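K.L.:
Got a structure for you, questions after.
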Amino acid sequence: MLFVFVSRMGPGTLNDSGTTEFLLLGLWAPPSLRPLLWASLLLAYLTTVLGNGALVGLIALDRRLHRPMYRLLTHLALLDTAYVSTTLPQALAHMTMRRARLSLVGCGAQLYVGISLGSCEAILLAAMALDRCLAVCRPLHYATLVTAPRCAALAGASWTLGFALSVPNAVATLRLPFCSGRSAVDHFFCELPAVLRTACADTTANYRLVYGLGVPILLVPLVLILASYTWILAAVRRLPSVGSRHKALSTCSSHLAVVGLFYGTVSAMYLRPKASSDLPARHHKLVAVFYLVITPVLNPLIYSLRNHEVHMAARYALARLRGTRTVLH
């Protein structure tokens with residue numbers, strides 16, 4: 001729907017000067033270090049795609065992982081893969097060009113898909129926190145409360161709400177006038193705050209819209225996550241043994257680490273977008289590299305390195321590939 005809207009908008013609707021493309025200034029590095037930067041980003045992209053792909057494959061092939069927690073984890077892995085795939089391949093291609101240009105339609109599409117996938121992840125993390133809360137606080141009723149259809153409904157709602165709630169911000173940004181002398185985006189992809197800084201008009205209303213939609217997209221899921229873990233801690237305190245407490249908390253530690261990585265970076269850009277606009281461009285790029293490159297690389301490692309069931313599934317899959325009949329303990 002958004003792409004049809006963008007393609008039908010004429011130059012006069014988009015901006016006063018008829019600007020139809022943006023110049024992406026990209027990531028700065030000394031000429032001697034640019035090959036190393038390019039290789040590092042390529043390695044990060046391949047690691048993200050292969051790591052998340054392997055995690056999805058393990059969950060799909062191993063019946064022991066066909067449980068709600070891992071079904072939701074599959075969607076998180078798909079989100080991370082889609083997120084980096086909308087930005088990093090283009091950024092890598094642009095690093096080989098003298099002038100990296102992106103059409104207004106392409107920039108709008110990238111902006112919309114980027115904020116939509118980020119919104120989906122925020123809502124999905126809340127759904128995963130609810131799943132862990134029910135598993136710890138209502139273990140006897142968990143199987144009847146969190147069924148496969150309900151798990152699919154939670155995941156579907158995350159995708160639907162994420163893409164639907166991102167339409168107003170994307171449309172409002174694309175309707176701004178972008179003057180020909182200010183069409184350079186000091187970033188390596190079309191991120192919402194970076195594009196807003198290039199507009200030659202008052203963007204106060206746009207920032208208010210970002211704040212307003214930040215409540216249902218970021219703050220409401222964060223409140224649900226904090227409430228879920230408050231109930232989890234209360235339930236863990238009532239457990240009789242230290243071993244049972246440790247086991248209950250270990251099932252939540254990976255999710256907490258991912259939540260911390262996500263909100264620690266995204267909140268700096270989208271919960272205070274007006275304040276962050278006064279910071280140097282290199283600050284925005286550094287934060288973007290962290291949540292766009294580093295976090296998707298770390299997520300599959302966090303869930304696999306700290307999860308015994310994923311370890312066992314990986315060992316079993318490797319044994320099958322080797323054609324052995326090793327008994328795994």
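The values are calculated or read from the model by the stated rules, or taken from the named source; none is laboratory data. Keep in mind the model is a prediction, meaning the values are calculated, not measured. Cβ atoms come from the backbone with ideal geometry, glycine included; neighbour counts cover every protein chain shown. Please note that ligands, DNA and RNA were not included when accessible areas were found on the heavy atoms of the full protein model with its side chains. Shrake-Rupley method; radii C 1.70, N 1.55, O 1.52, S 1.80 Å.
K.L.:
Are there any pairs with C-beta distances below 6 angstrom linking a residue in region 119-140 that is without any contact (Cβ under 8 Å) to a residue 12 or more places away in the chain to a residue that is part of a helix (DSSP H, G or I) and open to solvent by less than 10 Å² (accessible area, probe 1.4 Å), with the two at least 6 apart or on different chains, and if so which?
P.N.:
Sorted first by the residue in region 119-140, then by its partner, the list stays empty.
K.L.:
For region 208-232, enumerate the residues that are open to solvent by 10 Å² or more (accessible area, probe 1.4 Å), in contact with a helix residue (DSSP H, G or I) (Cβ under 8 Å, 6 or more places away or on another chain), at pLDDT 90 or above and of a type in the set (Ser, Thr, Tyr).
P.N.:
Correct list: 229 only.
K.L.:
Can you tell me which residue in region 159-179 is nearest to residue 198 (Cα to Cα), limited to those that are of a type in the set (Val, Ile, Thr) and in contact with a Leu (Cβ under 9 Å, 6 or more places away or on another chain)?
P.N.:
173
K.L.:
Go through region 61-107 and give me each residue that's at pLDDT below 90, open to solvent by 40 Å² or more (accessible area, probe 1.4 Å), under 30 Å from residue 29 (Cβ atoms) and not aliphatic (A, V, I, L, M).
P.N.:
96, 98, 99, 101, 103
K.L.:
Go over the candidates 315, 282, 245 one by one and state the one that is modelled with pLDDT of 80 or more, open to solvent by 30 Å² or more (accessible area, probe 1.4 Å) and assigned to a helix (DSSP H, G or I).
P.N.:
The conditions single out 315.
K.L.:
Here's a follow-up. Give me the helices (runs of 4 or more DSSP H) completely within region 59-154, filtered to those with at least 1 residues that are more than 30 Å from residue 245 (Cβ to Cβ) and not polar (S, T, N, Q), ordered by residue number.
P.N.:
68-85, 88-94, 104-137
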